[in-house]
Each structure stands twice: as structure tokens, then as C-alpha cells.
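The values are calculated or read from the model by the stated rules, or taken from the named source; none is laboratory data. Please read all numbers here as calculations on a predicted model, not as lab measurements. Please note: Cβ atoms are built from the backbone with ideal geometry, for glycine as well, and neighbour counts cover all protein chains shown. Remember, those area values only see protein heavy atoms, side chains included, never the ligands or the DNA or RNA. Shrake-Rupley method; radii C 1.70, N 1.55, O 1.52, S 1.80 Å.
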Amino acid sequence: METNHASVPPSARHQRQPWRARIWLLTAIALLAGCGPAPVGTDGQSSARQSTPASSQAAGLPDLFEDVTQRAGLDFVHQLAGGILDNIMKSDGAGGAVLDFDRDGYLDLYLVNSGPDPVLGQAPEGTPRWPNRLYRNRGDGTFEDATERAGVGGHGFGTTAAAADYDNDGDTDLLVVNFNSLIVYRNNGDGTFTDVTERAGLVSRQAGISATFADVDNDGHLDVFVANYLRYDPAVQVPPGAQTPYPGPLAYEPELNLLYRNRGDGTFEDISEPAGIRIPGHRAMSVSAYDSDLDGDADFYVSNDGTPNLLLSNDGKGRFTEVGLKSGAGFNQFGGAEGSMGAAIGDCNGDGLPDMFVTRFGKASLYINSPGGFFEDRIQPSGILQITSKFTGWGGNFLDFDNDGDLDLFIANGDAHFLKGMPALLFENQGKASFAEASARGGSAFAAPRNARGSGAWDFDNDGRLDLILTTLAGPAVLLRNVGSTPAHRITLQLEGTRSNRDGFGAHVRVTAGGRALAAQSRCPTSYIFQQDPRLHFGLGASPAADRIEIRWPSGQTQTLTNVAAGQILKITEPGASRWTP
């Protein structure tokens, strides 16, 4: 197992370089469209695969992934209160977050449940709520349920969670997003958490569906963006004769998103209005934080259901301007605003710029970034469109499953209106964002129809190969272990800030190996209702070492490491004395 967590002596030999600014302008005119008609189907769980994706992989190759859910001891099942999928909020499902809550070097798992709610109805009175579950990674491939001892069982109708060290004390805390409430669990550092929601001031009565942490004003404290969905009204019903069991998103009033500034004393203040993120008319499904224009501050990409997506550009002081339309990231390649679920972020064509893959109820998008700040949806020539258009995509993740140095793609699919399964999809990047389907090579787990929702890539066993976790609607969570055999080398980086926020979110990392440069950003890696492994994983191919690792920290400090051996999980600490009290 790759468990070397050696701390690297800081160095600041790499000089800061100028970063590009946006210069492109796009004028986009398109009709607003909500979720399309539901695929034809029947109520009840289908036991047959809807469609068998073809595979470009040669027959006879060993499976890349193995379903180890039961062996690992993950017995989580998502609660669909009342057992009926009868409204749009229930259809969203629930996800969770990957985190190392006990600082033992192994990633743990927090999964959120959607309990009975009187507004959402259809659950008999007295129906018990199934708890959220915290699974502690034992480090031997198995997990133990630590929920009760940790005190994080949750309450209400949950959708997702985000994890970060918001108080810079060295322990990862939890934010749980519910329909009509939030929960803030502060990590006590002894395996337990305390509910500090009221004290923290993170109080919401809106239909939350996603949240992420980012330091929007670069003061060293992580702030919180909460994406809200819609104002659910049980009186809104589908017209007689409709083929769907509930109305689409545009039948409901939209909700405004929220941005909370971290005061640095354990409390937050709502700065949504002065920050410029309260843009009316949208129904968010997820939010992702990353530096889209490489200017050194955190931007937000909001995936919306039935309206154009938002790209909120940060001016460096925590004030935002919507640039989704002029940058090309608001609509898809076909000029539509079909229901978006979530965005996977990563440099999938190897040019050093962060790209986005967006899952949709309809045609997915692969937004390729350019030096001028313009995004081009290249889903059609990428090789992804024809296969994905048969399904409804929810979770989506970039991951280098074979450690060859480029980002491959996983998509979790499921039916939006009925409890009916769909197969997951796996695509291998053949270089420069040209993808070939590899689902059959993925293994039998990719042939099983599941009504999947959230998904995340993580190395739960620290063996240097990225695994997958996914949640399902009214079904079990699924753990897929990467068992692919490859001679390729890899390295994983875990960043710790001293002058910057403790998690190092916002750092830019460039790894050079064998004459090839790989770029990534440290961030709170949220997509549709799930937060995946926050560590940075780099496949190095045939290179036994990283020739050079360059880090630009959010504080502005730079750090360079040279000749770093592959095959390790490396903890890198930001140069300079820490501003945080131990």
C-alpha cells in the first residue's frame, strides 16, 4: 500500500508567473428549456439492462473495477420515504462526501439520507428516519460504522454534504445540506462532532441541493456557497394524462443561492447580495468551485435545471460577475439549456487549462477551456455524445483510472421519473479529450442497471489506483475498487496550508514528468450531490519520478520540489510559519 505521508521541506524557488485574463465575448440567444419528457418505462425496479453500450476495448482484457461493497462493510441504503417517487425533490436522491475525519491517512465516507418530510408527503405518520452514516476506513479494505459515536446521524430530508476544515484547527468538519435546513458539524478532533449550526450562523430555510467551500476573498478562511433548487409546492400537479408522475422544474418558482463569508471566529455572515451571486430565475442542481480563468481566485460554476448555467467570475475580493453566457459555458453546443446536474472539473486535453464535463437530462457537455477564457462545447467530436444521449446522467467524474497521465471519465446514470435502472458508463481518454467507451472493460459492475445519482473518485485503499463510490435512489451505495493492472507510475499530493487556508483549497499545482506537464487545482471537489477525494492524484505513465512539482498557494507563495519519487502519498506543507493556532 502506498502510505508514505512524508512531509516535504518547503521551498520557494519557483517564481510567480502572470496569469491570463478573459478577453473573449460571446453573445448567446437560446430558448429556455426544462427537463424533457421522461423515457418510456414502468414503475418499479427493472431487473433488465435498458441498453448495452458497445465497447471499443479488446475482448478478453481483465476487469478494471470490482464491486467490493459487501466485503468492505458498506451497508448504506438510501431511504425513499413512503417508497414512492412522486415529486421532483425525491427524484434528486442523496449523496455525501469523502473525508479523513480522524487524520489517520485513510479516507472515510459520509453518506446522507433523505428522511420523511411533512411537506414532501407520502410517508405514513411515524415513519422512522434512517440516519446519515459515517463509515470509518480501517485501512485494511473494510469500514466500520462510526455514526453513533461521532454524533452525525443528521435529521430531515438530506441531499448532500461538503467537508473541509473551516476553522483551520487541523480537523475536517462537515456541512450537511437538507431540504429547508443546513447542519454544521464541527470536528472535535477525538472522533466526535458537535452540531454548531446555530452558533455558526449557517441557517437556511430553502431547498438546498449542493454546497462547496472556497476562500473567496483570500483571507485564509474558507467560505461557503450553498446552491438552492426551487420552492417546492405540493399543490403543483401534472395535468391529467401526463406521462410523468410529477411536474418539471419550470413549474415551480426558483430559489436564490447563498454565499456565507467565514469571519474566522467560527461564525459566518450572509454576503450573497453584496457579492453579486443572487441571480434570479434559476434552479440550481449543483455548484463547483475552481479558478476558471487562472487569475488566482475562486470562481463558481452553477449547474441549473432548465435554464442557462452560471459561471460566476471572482474579482479577487469576493465580488462576482456572471460570465457564463459570454464565455460559452451557459448553453450547450446545440444552444439549449437542458437540465444540468453537475460539473466535473479537470484538464482533460492536457493544455494546462481547467475544462468541464457537465451531466444533463439531455445532451451532456464537454466544455474545453481556451487561453482567452472562452469555453467550447466539444461533446460531439469527443466521442461521448452518441453513447450518453441514451441515458440520463447525474454523477460525473474525471479520473485517471489507468495512470497514463490523462483524465478518463465516469458517468452515473439513472431514470429521473421512475425507479428504473440504467448502466454506468466509463470512457478512456485517448489523448487531447478524445474518448473511447470502456464500459465493458470496466467489468460486470458496469452491466448492472442502477438508478444512480451521486458519484465520486477516490483512492480508498491508498494503493495508487482511483476507485469509485456511487449512491442510488432508494437503493444501496456501491463501492467499485480499481483492480486494473498497469505498470504506470503515480503520485498523490495532500496539501496543507499555513498562510493559506489549512486545506490548501485554491492552490495551483503543475507536475512535470518525462517531458510532460500535468496541471490541477486543489479545491473542494463537489459535483452533483457528492464531494470526492480532495487529494491531487497524478498518473505519471512510464516516469518513475516527478521531475518537478510547482505549487502556487492562495497566499501568493510559490514552492518547487524536484526529483520526487513516484508511488507515494506525499503531504506538502506551505512554506512559512503557520498563522493558525495549533
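Say we look at region 531-545 and pick out the residues that are under 24 Å from Val98 (Cβ atoms) and part of a strand (DSSP E or B); which of these is most open to solvent (accessible area, probe 1.4 Å)? Per the criteria, the residue is His537. Residue-level check: of (1) part of a loop (DSSP other than H, G, I, E, B); (2) surrounded by fewer than 24 Cβ atoms within 10 Å (Cβ to Cβ); (3) not charged (D, E, K, R), Ile387 misses just (1).
Take the residues of region 471-495 that are in contact with a Gly (Cβ under 6 Å, 6 or more places away or on another chain) and in a strand (DSSP E or B): which is least open to solvent (accessible area, probe 1.4 Å)?
Here is the first cut: in region 471-495, the ones in contact with a Gly (Cβ under 6 Å, 6 or more places away or on another chain) are 471, 473, 488, 490, 495.
Filter again for in a strand (DSSP E or B), leaving 471, 490, 495.
Working: Thr471: 3, Arg490: 42, Leu495: 19 Å².
Going through the qualifying residues, I end up with Thr471.
Selection within region 530-568: residues that are among the charged types (D, E, K, R) and under 22 Å from Ile345 (Cα atoms). The member of this set that is nearest to the chain's Cα centre (by Cα) is Asp533. Of everything listed in (1) assigned to a strand (DSSP E or B); (2) open to solvent by less than 20 Å² (accessible area, probe 1.4 Å); (3) closer than 21 Å to Ser434 by Cα, the single unmet condition for Cys348 is (1). For region 427-452, filtered to residues that are in contact with a helix residue (DSSP H, G or I) (Cβ under 9 Å, 6 or more places away or on another chain) and among the charged types (D, E, K, R), the residue that is least open to solvent (accessible area, probe 1.4 Å) is Glu437.
Phe505 fulfils the conditions (1) among the hydrophobic types (A, V, I, L, M, F, W, C); (2) in contact with a Phe, Trp or Tyr (Cβ under 8 Å, 6 or more places away or on another chain); (3) surrounded by fewer than 24 Cβ atoms within 10 Å (Cβ to Cβ) except for a single criterion, (3).
Reported count of residues in region 262-279, each being under 11 Å from Gly318 (Cα atoms) and crowded, with 21+ Cβ neighbours inside 10 Å, is 2.
Of all residues in region 251-271, those being more than 24 Å from Asn501 (Cα to Cα), among the charged types (D, E, K, R) and assigned to a loop (DSSP other than H, G, I, E, B) number 1. The residue list Thr321, Thr307 contains one member that is modelled with pLDDT of 95 or more, over 24 Å from Leu407 (Cβ atoms) and not in a loop (DSSP other than H, G, I, E, B), which is Thr321.
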